[in-house]
Amino acid sequence: MSQDFLNHVGGEWVPSRSGRTFENRNPADTSDLIGRFPRSTAEDVEAAVQSARRGFEEWRPTPAPERGAILKRVGDILTERKEEIARAATREMGKVLLETRGDVQEGIDTAYYAATEGRRLFGHTVPSELRNKWAMTYRRPIGVCGIITPFNFPLAIPTWKIFPALACGNAVVFKPAEDVPHTGHLFVEVLLEAGVPGEVVQLVHGTGEEVGAPLVEHPHVPVVSFTGSTDTGRIIGETCGRMHKRLSLEMGGKNAQIVLPDADMELALDGVLWGAFGTTGQRCTATSRLLLHESIHDDFVQELVRRVRELRLGNGLESSTDVGPLINEAAREKVQGYMEVARGEGTVLCGGGPASGDGLEGGFFFQPTVVDGVRPGSRLATEEIFGPVLSVMTFGEFDEAIRINNEVRYGLSSAVYTSDVQVAFRAFQELDNGITYVNAPTIGAEAHLPFGGVKETGNGHREGGWEVYEFYSETKVCYLDYSGALQRAQIDNY
Ligand code: NAD
């Protein structure tokens, strides 16, 4: 059953002023029309920002513990509606239900963390260098935040941004990826049901060019938080740099799992299977490079390929499915394009093309693919493919594995499988990534820890944990001199 959906602007559900819509279809079966969504323009963005400015004035004086209490209710409602939202997310983006349930759970965890942060937005009280003078800091909200998110975690990523933004007292204009508008809609419904005032949260559907760009360029949006590809992030970064905006970027990855000869091989096999082919390889943290010590390469690859061939493709709503479809036709064409490269640069051991067969005709399915003999520095070893494609490389010494891991422009996550504690600590210190796992796959973030990457994966900010609260608030310094005399800092006390 399909439905016509609306934007949420000015405290009401409204169509785009353009009168246009776009269709949202199930990537596992494109005959399944989920709904029509507003194809918004800069005019809708303008109305949303003006409304959010009013919302900000209403929300900023609301005591932070009260804002936290509303976020606690958001967590409760997400818990009640977990299954419904997970099913909607699988239907529109394809990954298996087990994973979309995890996506919603991450939103729930993030809500409960943000709720407590309402009672913990600490400032500092520090001794003044002068007598009879008080010195302290506190955290102020900033204003309207533009929130732009990708398709692959349709619930969790918006919550990573919107909950801390709200906890800190800001208003938001949210533009979800055009492939996952339904989850975005359900999320905003939950926020409103929990008691977030209508003008504090705006939802504007549409494309990056027609909605995302005007939002980033709007002079009354001082904060922009973006997760998506490094190419889009660069465009947004240029605009924000020119306009002196506060910007958080979370972008692409080319993550490696490194396996040493002393590793638990079963564990390492489970890890790479889940890391490379979960979410059909469409995770920023997906394992897209497997670095095997040369002494274990042949046996490991043989067993890996056997297991990869057993993965069952299908609709993510069916419990028998291991791997769902890619998000859309453009994604499948992109992955297919890399197969030419793969055949030139290595040996395709399994997969290598679109998947066909019973129940797969109507979707964007692609066979899980393993490419062996990939050389460091080649395109397959360095470019983000964002699909179910794993490039296998070998190394001799651990130093070489570190070098291969580090010689890509991205730096999100890495995984090392070993039983040697010295190697584990060297990995923590020497791998150039925002996140390193030992004896666990490259994927899997916990809501109360910071998340993000180095180099061209990010711009130095983190999502999640305690660090993100710095991003959504401004530090104000307050001095109170009760000496009754003019005291000149650095002059009268020396
Ligand atoms: P994308 O860059 O195509 O789109 C992301 C969002 O940006 C969408 O909402 C899109 O409409 C919008 N957008 C596009 N052009 C824009 C413009 N000119 N101005 C403003 N907004 C614009 O990314 P995607 O395909 O949705 O997601 C996949 C990418 O996201 C991958 O590169 C993946 O690694 C990355 N990602 C990173 C993280 C992380 O935390 N590092 C997490 C998830 C995904």
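The values are calculated or read from the model by the stated rules, or taken from the named source; none is laboratory data. Predicted model, so just to flag it, every value in this text is computed and none were measured. Glycine also receives a Cβ, built like all others from the backbone with ideal geometry; neighbour counts cover every protein chain displayed. Surface accessibility is based on the protein's heavy atoms, side chains included, excluding ligands, DNA and RNA. Shrake-Rupley method; radii C 1.70, N 1.55, O 1.52, S 1.80 Å.
Being out of contact with any Gly (no Cβ under 6 Å at 6 or more places or on another chain) and more than 18 Å from GLU189 (Cβ to Cβ): is that true of THR116 here? Yes; evaluated as a whole, the condition is true for this residue. Against the numbered list (1) farther than 18 Å from GLY271 by Cβ; (2) touching a residue at least 24 places away in the same chain (Cβ under 8 Å), PRO354 comes up short only at (2). Among the conditions (1) more than 16 Å from the ligand (Cβ to nearest atom); (2) open to solvent by 10 Å² or more (accessible area, probe 1.4 Å); (3) in contact (Cβ under 8 Å) with a residue 60 or more places away in the chain, PHE151 misses just one, which is (1). Can you confirm whether ALA445 is within 15 Å of the ligand (Cβ to nearest atom), surrounded by 15 or more Cβ atoms within 10 Å (Cβ to Cβ) and at negative phi? Against the criterion (within 15 Å of the ligand (Cβ to nearest atom), surrounded by 15 or more Cβ atoms within 10 Å (Cβ to Cβ) and at negative phi), ALA445 qualifies. Summed over region 25-52, the residues that are open to solvent by 10 Å² or more (accessible area, probe 1.4 Å) and touching a strand residue (DSSP E or B) at 6+ places or on another chain (Cβ under 6 Å) give a count of 6. From the list GLY169, GLY184, the lone residue that is over 25 Å from GLY253 (Cα atoms), more than 9 Å from the ligand (Cβ to nearest atom) and touching a Pro at 6+ places or on another chain (Cβ under 9 Å) is GLY169.
Screening THR347 against (1) surrounded by 23 or more Cβ atoms within 10 Å (Cβ to Cβ); (2) over 24 Å from THR457 (Cβ atoms) leaves a single unmet condition, (1). Total residues in region 216-236 satisfying the condition of being more than 7 Å from the ligand (Cβ to nearest atom) and closer than 18 Å to GLY143 by Cβ: the figure is 9. For region 305-344, a residue qualifies if it is in contact with a helix residue (DSSP H, G or I) (Cβ under 9 Å, 6 or more places away or on another chain), open to solvent by less than 60 Å² (accessible area, probe 1.4 Å) and either without any contact (Cβ under 8 Å) to a residue 12 or more places away in the chain or among the basic types (Lys, Arg) (or both), and exactly one does: ARG307. Within region 161-186, the residues that satisfy the criterion of being in contact (Cβ under 8 Å) with a residue 60 or more places away in the chain and closer than 17 Å to CYS145 by Cα are LYS161, PHE163, PRO164, ALA165, LEU166, ALA167, CYS168, GLY169, ASN170, ALA171, VAL172, VAL173. Check whether at least one residue in region 270-281 is closer than 25 Å to ARG332 by Cβ, within 14 Å of the ligand (Cβ to nearest atom), in contact (Cβ under 8 Å) with a residue 60 or more places away in the chain and outside any helix (DSSP H, G or I), and report yes or no. So far as region 270-281 goes, no, none of its residues is closer than 25 Å to ARG332 by Cβ, within 14 Å of the ligand (Cβ to nearest atom), in contact (Cβ under 8 Å) with a residue 60 or more places away in the chain and outside any helix (DSSP H, G or I). The listed residues are GLY233, GLY184, and the only one of them that is farther than 20 Å from THR100 by Cα, in a helix (DSSP H, G or I), touching a Leu at 6+ places or on another chain (Cβ under 7 Å) and open to solvent by less than 30 Å² (accessible area, probe 1.4 Å) turns out to be GLY233.
Within region 409-435, the set of residues being touching a residue at least 12 places away in the same chain (Cβ under 8 Å), away from the ligand (no atom under 13 Å from the Cβ) and either among the aliphatic types (A, V, I, L, M) or open to solvent by 30 Å² or more (accessible area, probe 1.4 Å) (or both) comprises ALA415, VAL416, SER419, ASP420, VAL423, ALA424, ARG426, ALA427, GLU430, LEU431, ASP432. Selection of first residues in region 237-263 that are more than 16 Å from the ligand (Cβ to nearest atom) and of second residues that are part of a strand (DSSP E or B) and among the aromatic types (Phe, Trp, Tyr), restricted to Cβ pairs under 6 Å at least 6 apart or on distinct chains, gives the following pairs, ordered by first then second residue: VAL259/TYR417; ALA263/TYR417. Condition check for THR125 on (1) closer than 21 Å to SER473 by Cβ; (2) open to solvent by less than 70 Å² (accessible area, probe 1.4 Å): one failure, at (2).
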